[in-house]
Amino acid sequence: MKRREFIVNSAVAITGAMVLSGCKKRELLKSENQVTKRKYKDIYVPLLALGCMRLPMTKNNVVDMVELDKMVQYCMEHGANYFDTAYMYVNGTSEECMGKVLSKYKRSDFFLASKSPIYKMNSKEDVRKIFDEQRKRCKVDYFDFYMAHNINQNTYDTYKKVDMYNELLKLKDEGLIKYLGFSFHGTPDILKEVVSKDKWDFAQLQVNYLDWDVVKAHQQYDIVQQKGIPVTVMEPLRGGGLVNLSEKALNKLKEKYPNETPASFGLRWAASQNNVVTVLSGMSNLEQVKQNIDTFTNFKPMDKNELKVADEISKIIQSQGEINCTACKYCLEVCPREINIPAIFQIYNQYKVTKNKMFFGIYYNTLNEDERADKCINCSLCTKNCPQALKIPELLKKIDSEVKTLG
Ligand code: SF4
Ligand code: SF4
């Protein structure tokens, strides 16, 4: 790690800071190593943002607030002061956790982004009601960045029915939202309609060197760029899929760039796209925060050769037959049988990369029997919630039959 100029004062160390919470704002001691910033309208935004979908968890499966506090403090000290949460993240607890930790800082010292959960809306009134609930959860008066969350072919009708854009615009006019945007996981046709009808400050898109081709992310990127809408990037590492590369893909990276890590390479690729304001990375511990901040300190965009290697790695991954799951867990919220869909897909993907049948069987058997693929009742509720539009029941059936061949 790079040397930090200032030693963190013991008065603001974690336990002391917990006591100070609510009575005095934490003193911000800035390191000499600051994350590179990009100009966005009239502000400067850090090129790296903390995505709050995969917060650190304790063994009891609740957010590890001590680790989170350290992560946020490190981010703040290094200028990575943009935090992106949402109503539904971490089983609906992310906003509250971020509110608790961020309330120790001066409001003007950080950018907070959150999202309006379209799937929860029944009427226009719900948009403001839920917005106010989110402000309370996050302990803020306003959001810097606020989005209609996950516009796609399944949510677009509700988005229109509750007149979400105009409801959000009213909140912006009242100064409660500084920059209004949307996150998107739908088809190019819907995206064209969304950006033609309404005026947006930014769009949050899934941009990484694999999805550029696989889910045609470049089409979405081009559509918003043509409209002059800046992009905030989600899933730059595809839910960790671009961190755990297969041996072949990793060799390709290391033979050209032996000192580069897959995480740094993936993040740099996303940040090298010219219309990108910030790259959200869902970090789950302090070590990841430190590594990512290193990547974005004195950031240099990728050159032509690096972009070419990324393309070659993408082709290797595409040939491996993995399932395009980002482990967002949205499907888990609706599955009546509580099938552990992302874990099943992760184990399967590992098998596709390693081709190791024995380990496939061993890992699959670590799942509880009632959360395995054969318990699926084919109700398709999960499919409607999947931002990657995966045909989940079909995939589970396929995996189940492969598991059965293992004996
Ligand atoms: S189709 Fe299967 S996995 Fe999907 S929600 Fe229904 S039971 Fe769960
Ligand atoms: S299957 Fe879809 S909804 Fe479920 S975790 Fe994967 S990407 Fe998310």
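For the stretch 330-404, what number results from the quotient of the Cα radius of gyration and 2.2 N^0.38 Å?
Dividing the Cα radius of gyration by 2.2 N^0.38 Å gives 1.04.
What longest region of the chain stays clear of GluC sites (Glu not before Pro) that DSSP places outside H, G, I, E and B and that have at most 14 other Cβ atoms within 10 Å?
Segment 175-337 is the longest.
Starting from the 7 Å offset along Cα-to-Cβ, what nm value, one decimal, do you get for the label separation of residue 133 and residue 170?
1.8 nm
Kindly provide the pair-distance distribution of the stretch 217-372 built from C-alpha pairs, with 10 Å bins from 0 and whole-percent values in order of increasing distance.
9, 32, 35, 19, 5, 0
Between residue 350 and residue 61, what is 0.36 nm times their sequence separation minus the Cα-Cα distance? Round to one decimal in nm. Don't jump to the answer; show the numbers that get you there.
On the way: separation 289, 0.36 × 289 = 104.04 nm, distance 2.37 nm.
So the extension gain works out to 101.7 nm.
Please identify which residues in the stretch 341-368 have an amide N closer than 17 Å to a label point set 7 Å out from the Cα of residue 91, following the Cα→Cβ vector.
Backbone N within reach: 341-343, 368.
With θ taken as phi - 60° and the coefficients 6.51, -1.76 and 1.60, list the Karplus ³J(HN,Hα) couplings across the stretch 144-154 in order, rounded to whole Hz; mark glycine and proline as x.
The phi angles translate into 6, 10, 9, 10, 6, 8, 6, 6, 7, 5, 8 Hz.
Over all directions, how big on average is the projection of the convex hull of the alpha-carbon atoms in the chain, in square nanometres?
Details: hull surface 80.3 nm².
Projected area, direction-averaged: 20.1 nm².
Filter the trypsin sites (Lys or Arg not before Pro) in the stretch 122-214 down to the DSSP loop ones having no more than 12 other Cβ atoms within 10 Å, then list what survives.
Of the trypsin sites (Lys or Arg not before Pro), the ones in loops of the stretch 122-214 whose Cβ has at most 12 other Cβ atoms within 10 Å are 199.
So what's the net charge close to residue 372: Lys and Arg +1, Asp and Glu -1, counting the other residues with Cβ under 14 Å from its Cβ?
-2
If I histogram all Cα-Cα distances within the stretch 63-114 using bins 10 Å wide from 0, what percent of pairs lands in each bin?
Once binned at 10 Å, the Cα pair distances of the stretch 63-114 give 24, 61, 14.
From the phi angles alone, apply the Karplus equation (6.51, -1.76, 1.60; θ = phi - 60°) to the stretch 229-235 and give each ³J(HN,Hα) in whole Hz, x where the residue is Gly or Pro.
The phi angles translate into 9, x, 10, 9, 9, 10, 6 Hz.
Residue-wise, which Karplus ³J(HN,Hα) couplings in Hz belong to the stretch 97-114, taking 6.51 cos²θ - 1.76 cosθ + 1.60, θ = phi - 60°, and x for glycine or proline?
5, 5, x, 4, 6, 6, 5, 7, 10, 5, 4, 6, 8, 9, 9, 10, 10, 9
At a Förster distance of 35 Å, what's the computed FRET efficiency of residue 378 paired with residue 307, Cβ-Cβ distance as r, to 0.05?
0.25
Based on the inverse mean of 1/r over its pairs of different Cα atoms, what is the Kirkwood hydrodynamic radius of the stretch 41-129, in Å? Mind dumping the intermediate values first?
Numbers: mean 1/r = 0.0706 Å⁻¹.
14.2 Å is the Kirkwood radius here.
For the stretch 160-249, state the average projected area of the convex hull of the C-alpha atoms over all orientations, rounded to one decimal in nm².
With the hull built on Cα positions only, its mean projection is 6.9 nm².
With all distinct Cα pairs included, what does the Kirkwood hydrodynamic radius of the stretch 106-164 come out to in Å, to one decimal, could you say? Let's see the in-between values first.
Values: mean 1/r = 0.0822 Å⁻¹.
So the Kirkwood estimate lands at 12.2 Å.
Where a number appears in this text, it was derived from the coordinates with a stated rule and is not lab data. From a predicted model like this one, the values you see are computed outputs, not experimental measurements. Positions of Cβ are generated from backbone atoms using ideal geometry, with glycine treated the same way; all protein chains shown enter the neighbour counts.
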